[in-house]
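The structure appears below as C-alpha coordinates.
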Amino acid sequence: TFSDAKRLIGKRLSKNLGEGRAVQARHLQKTWMITKDMPVSIQLATGAVSISAPGISLENGELGEMVSVRNLSSGTVLQGQIAGPQKIIVRAKTY
(Lines give C-alpha, C1' and ligand atoms only; values in the text may rest on other atoms or scores of the structure.)
Protein backbone atom coordinates (compact mmCIF):
# COMPACT_ATOMS: atom_id res chain seq x y z
CA THR A 1 0.00 0.00 0.00
CA PHE A 2 1.01 3.63 -0.40
CA SER A 3 1.24 5.73 2.73
CA ASP A 4 2.18 8.95 0.90
CA ALA A 5 -0.54 10.23 -1.45
CA LYS A 6 2.04 12.34 -3.34
CA ARG A 7 3.49 9.13 -4.86
CA LEU A 8 0.13 8.47 -6.54
CA ILE A 9 -0.21 11.81 -8.32
CA GLY A 10 -0.29 11.26 -12.08
CA LYS A 11 -0.79 7.48 -11.79
CA ARG A 12 -3.81 5.75 -13.31
CA LEU A 13 -5.79 2.92 -11.79
CA SER A 14 -6.09 -0.31 -13.77
CA LYS A 15 -9.06 -1.50 -11.65
CA ASN A 16 -12.02 0.14 -9.99
CA LEU A 17 -11.63 0.42 -6.24
CA GLY A 18 -14.35 0.89 -3.67
CA GLU A 19 -14.35 3.92 -1.42
CA GLY A 20 -11.95 3.60 1.49
CA ARG A 21 -9.88 0.76 -0.06
CA ALA A 22 -6.11 1.02 0.15
CA VAL A 23 -4.33 1.52 -3.17
CA GLN A 24 -1.71 -1.14 -3.88
CA ALA A 25 0.89 -1.31 -6.64
CA ARG A 26 -1.09 -4.03 -8.42
CA HIS A 27 -4.04 -1.60 -8.79
CA LEU A 28 -1.98 0.87 -10.87
CA GLN A 29 -1.19 0.82 -14.56
CA LYS A 30 2.49 0.11 -15.24
CA THR A 31 4.81 2.88 -16.34
CA TRP A 32 6.93 1.29 -19.04
CA MET A 33 10.53 2.36 -19.60
CA ILE A 34 10.32 1.13 -23.21
CA THR A 35 7.03 1.12 -25.13
CA LYS A 36 6.04 -0.63 -28.34
CA ASP A 37 7.20 1.19 -31.50
CA MET A 38 9.65 3.39 -29.53
CA PRO A 39 13.01 4.12 -31.20
CA VAL A 40 15.85 2.51 -29.23
CA SER A 41 19.60 2.09 -29.35
CA ILE A 42 20.63 -1.56 -29.70
CA GLN A 43 24.04 -2.11 -28.13
CA LEU A 44 26.48 -5.02 -28.05
CA ALA A 45 29.68 -4.83 -26.02
CA THR A 46 32.26 -7.60 -25.89
CA GLY A 47 35.69 -6.78 -24.52
CA ALA A 48 37.15 -3.78 -26.36
CA VAL A 49 34.54 -3.89 -29.14
CA SER A 50 31.29 -1.95 -28.83
CA ILE A 51 28.59 -1.86 -31.52
CA SER A 52 25.51 0.35 -31.55
CA ALA A 53 22.63 0.31 -34.04
CA PRO A 54 19.27 2.04 -34.30
CA GLY A 55 16.22 -0.08 -33.65
CA ILE A 56 12.54 -0.09 -32.81
CA SER A 57 10.97 -1.83 -29.83
CA LEU A 58 8.34 -4.46 -30.59
CA GLU A 59 7.12 -4.78 -26.96
CA ASN A 60 6.59 -2.82 -23.77
CA GLY A 61 9.07 -3.45 -20.98
CA GLU A 62 10.52 -2.31 -17.68
CA LEU A 63 14.16 -2.02 -16.61
CA GLY A 64 15.89 -5.43 -16.73
CA GLU A 65 13.20 -7.19 -18.79
CA MET A 66 13.90 -8.99 -22.07
CA VAL A 67 12.08 -7.51 -25.08
CA SER A 68 12.04 -7.99 -28.84
CA VAL A 69 13.55 -5.24 -30.98
CA ARG A 70 13.94 -4.82 -34.74
CA ASN A 71 17.27 -3.61 -36.12
CA LEU A 72 16.36 -0.80 -38.55
CA SER A 73 19.37 -1.38 -40.82
CA SER A 74 18.99 -5.13 -41.31
CA GLY A 75 15.37 -5.76 -40.32
CA THR A 76 16.51 -8.56 -37.98
CA VAL A 77 14.44 -9.18 -34.83
CA LEU A 78 16.61 -9.55 -31.72
CA GLN A 79 16.02 -10.24 -28.03
CA GLY A 80 17.66 -7.81 -25.65
CA GLN A 81 17.58 -6.62 -22.06
CA ILE A 82 16.42 -3.12 -21.17
CA ALA A 83 19.38 -1.26 -19.64
CA GLY A 84 17.95 2.26 -19.54
CA PRO A 85 15.72 4.72 -21.33
CA GLN A 86 15.82 3.82 -25.04
CA LYS A 87 18.80 1.47 -24.48
CA ILE A 88 18.72 -2.27 -25.22
CA ILE A 89 21.70 -4.56 -24.58
CA VAL A 90 21.98 -7.74 -26.66
CA ARG A 91 24.26 -10.65 -25.81
CA ALA A 92 26.61 -12.25 -28.32
CA LYS A 93 25.92 -15.84 -29.28
CA THR A 94 28.64 -18.11 -27.93
CA TYR A 95 28.92 -21.70 -29.05
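Over the chain, what relative contact order in percent results from Cα pairs under 8 Å that are six or more residues apart?
This gives 22 percent for the chain.
Tell me, in nm to one decimal, what length is gained between Glu62 and Gln29 on full extension, where the rule is 0.36 nm per residue of separation less the Cα-Cα distance?
10.6 nm
Return the carbon/sulfur percentage of the accessible area of the stretch 32-85, one whole number, probe 1.4 Å, all protein chains in place.
So the carbon and sulfur contribution to the accessible surface is 58 percent.
Roll a 1.4 Å probe over the protein chains and send me the accessible area per residue for the chain in Å².
Using a 1.4 Å probe on heavy atoms only, each residue of the chain averages 73 Å².
Could you tell me which label, among [x] 15.4; [y] 15.0; [z] 13.9, carries the value of Kirkwood radius over Cα pairs in Å calculated for this structure?
So the calculated entry is the one marked [x].
Arg21 to Arg91: FRET efficiency via 1/(1 + (r/R0)^6), r the Cβ-Cβ distance, R0 35 Å, to the nearest 0.05?
Working from the Cβ atoms, E equals 0.25.
The values are calculated or read from the model by the stated rules, or taken from the named source; none is laboratory data. Quick caveat, the model's predicted, so the values are computed rather than measured. Note that each Cβ is placed from the backbone with ideal geometry, even for glycine, and that neighbours are counted across all protein chains shown. Heavy atoms of the whole protein, side chains included, go into the accessibility calculation; ligands, DNA and RNA do not. Shrake-Rupley method; radii C 1.70, N 1.55, O 1.52, S 1.80 Å.
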